[in-house]
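Peer 1: Below is one structure. I have some questions about it.
The values are calculated or read from the model by the stated rules, or taken from the named source; none is laboratory data. Given the structure is predicted, the values throughout are model-derived calculations rather than measurements. FYI the Cβ positions are ideal-geometry reconstructions off the backbone, even for glycines, and counts take in every protein chain you see. Protein only, heavy atoms only, side chains kept; ligands, DNA and RNA dropped before computing areas. Shrake-Rupley method; radii C 1.70, N 1.55, O 1.52, S 1.80 Å.
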Amino acid sequence: MRLEEDGPRVVLLDQRRLPDEEVDLVCHTAADVAEAIRTLAVRGAPAIGIAAAYGLALAALRGDDLGDAEQALAASRPTAVNLFWALEQLRADPTPERARALHRDEVERCKRMAAHAAELFAPGTRALTHCNAGGLATGGYGSAVGALRAAWERGLLASVLVGETRPLLQGARLTAWELEQAGIPHAVIADSAAASLMARGEIDLIVTGADRIAANGDTANKIGTYSLAVLARHHGIPLYVVAPTSTVDEATATGADIPIEERDGAEVTARFPARNPAFDVTPAALITAIVTEEGVRRL
Ligand code: MRU
């Protein structure tokens, strides 16, 4: 993801086309960036924030109305707090340099939190992850996938089960692609296979990212995370949330206050009426620890 001042334009790797094709999407205006976020060409909480920062800097370079640009970007998706955080960070200084620094800092945070999270892995760990919280979702390196990378580099990770993540398959398309590139042994499972694999003792820990962490630790993440958390508690398996502090929303008291995006039912089935909540909230009581760049906070 980058901002090219000569143009000017924001260039994004179009995540909708992965893993089959690696195609760039070029955005000429902040409205184009907002549309790319809305339609999931760029997705994942930190990556959405970085894209929004570049979008605002793009509007400033073009001499567009910054209020309008910010409004369009803020309206693109409701749940990931990184979007609103990034826009606030850029408000006083909507320059390319500031946007690039925000991007660099997010990747740096990922590396630091991954190092903390790796301490939670024992030799031979068989992990399960959900959705995609990799380099694609964070502008580089990854939060939950960053933790898997760091654990792998330390020789602590045996293998990763990747929940396919219905309905849009971020796990089966994006996480599997990233793990393949990193050379980390992995297998995609149907989301509904998690319970029986836990019961068979094949999962030692679960690691996910987050879209918004409320002040009390309740955490919104991709739909299906809450089910995994309930299952993990039943089977005595730890669930770790790995996310940067830009995902922590102290202004939101509890998970009940987190806005949950409801997407088009056609993403679930085009044939019948459908419901499509894109995120769920895992209560803090079901989370073993939240890992940020600042360290491990046990709940
Ligand atoms: O709807 P998406 O694909 O943007 O949802 C992404 C997730 O839920 C990720 O797991 C989350 O953003 C963590 S990103 C590091």
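Peer 1: Amide H to amide H, which residues 5 or more places from Leu120 or on other chains are under 5 Å from it, using H placed in the peptide plane?
Peer 2: Residues meeting the criterion, in which the H sits 1.01 Å from N, do not exist here.
Peer 1: Further question on the same structure: With +1 on the Cβ of every Lys and Arg and -1 on the Cβ of every Asp and Glu, and nothing else charged, how large is the dipole of the chain about its Cα centre, in debye rounded to the nearest 20?
Peer 2: Here the chain has a charge dipole of around 900 debye.
Peer 1: If we count every other residue with Cβ under 13 angstrom of Ser192's Cβ, Lys/Arg +1 and Asp/Glu -1, where does the sum land?
Peer 2: -1
Peer 1: So what is the accessible area of the chain per residue, in Å², with the probe set to 1.4 Å?
Peer 2: It amounts to 40 Å² per residue over the chain.
Peer 1: May I ask for the percentage of alpha-carbon pairs in segment 31-98 that lie more than 14 Å from each other?
Peer 2: The calculated P(r) of segment 31-98 puts 47 percent of pairs beyond 14 Å.
Peer 1: Looking at Gly295, Ala80, Val107, which one has the Cα that reaches farthest to the positive end of the dipole of the chain (charges on Cβ: Lys, Arg +1; Asp, Glu -1)?
Peer 2: Towards the positive end, the residue furthest out is Gly295.
Peer 1: Helix check for the chain. Which DSSP H runs span at least 20 Å along their own axis by Cα, with a mean Kyte-Doolittle hydropathy no less than -1.0?
Peer 2: Correct list, ordered by number: 45-62.
Peer 1: Now, a different point. Work out from phi, with θ = phi - 60° and the Karplus expression 6.51 cos²θ - 1.76 cosθ + 1.60, the ³J(HN,Hα) of each residue of segment 181-186, listed in order in whole Hz, and give x for Gly and Pro.
Peer 2: Residue by residue, segment 181-186 yields 5, 7, x, 9, x, 8 Hz.
Peer 1: Ala266 to Val23: extension gain in nm, 0.36 nm per residue of separation minus the Cα-Cα distance?
Peer 2: Between Ala266 and Val23, full extension yields an extra 85.0 nm.
Peer 1: On to the next question. Of the accessible area of the chain, with the probe set at 1.4 angstrom, what percent is carbon plus sulfur?
Peer 2: Carbon with sulfur: 50 percent of the solvent-accessible area.
Peer 1: Still on this structure, I have one more. Return the percentage of antiparallel bridges among DSSP beta bridges fully within the chain, rounded to the nearest 5 %.
Peer 2: Approximately 50 percent, going by the DSSP bridge assignments.
Peer 1: Relative contact order for the chain: what is it in percent, counting Cα pairs under 8 Å that are at least 6 residues apart?
Peer 2: 16 percent
Peer 1: Classify the chain: rounded, prolate or oblate, from the alpha-carbon gyration tensor (a ≥ b ≥ c, eigenvalue square roots; a/c under 1.5 rounded; otherwise prolate if a/b is larger than b/c)?
Peer 2: Since a/c reaches 1.5 and a/b is larger than b/c, the shape of the chain is classed as prolate.
Peer 1: Continuing with the same structure: In segment 176-255, which trypsin sites (Lys or Arg not before Pro) fall in coil by DSSP and have 13 or fewer other Cβ atoms within 10 Å?
Peer 2: Arg200
Peer 1: Only sites in a loop by DSSP and with at most 16 other Cβ atoms within 10 Å count here; which trypsin sites (Lys or Arg not before Pro) in segment 255-297 make the cut?
Peer 2: Loop-located and lightly packed - Arg271, Arg275.
Peer 1: Give me the net charge for the shell around Arg126: Cβ to Cβ below 15 angstrom, other residues only, Lys and Arg +1, Asp and Glu -1.
Peer 2: Once all neighbours under 15 Å are counted, the net charge is -1.
Peer 1: Right, here's the next one. Suppose a student asked you for the relative contact order of segment 78-169, using Cα pairs under 8 Å spaced at least 6 residues apart; what percent would you report?
Peer 2: Relative CO of segment 78-169 lands at 29 percent.
Peer 1: Please list, by residue number, every one of the trypsin sites (Lys or Arg not before Pro) in segment 124-181 that is coil in DSSP and has at most 14 other beta-carbon atoms within 10 Å.
Peer 2: Loop-located and lightly packed - Arg154.
Peer 1: Right, here's the next one. What is the local net charge at Ala151, summed over the other residues whose Cβ is closer than 12 Å to its Cβ (Lys, Arg +1; Asp, Glu -1)?
Peer 2: Counting the neighbours of Ala151, the net charge comes to 0.
Peer 1: Roughly speaking, what is the centre-to-centre gap between segment 7-83 and segment 236-299 when only Cα atoms are used, to the nearest Å?
Peer 2: Taking the Cα centre of segment 236-299 as reference, the centre of segment 7-83 is 22 Å away.
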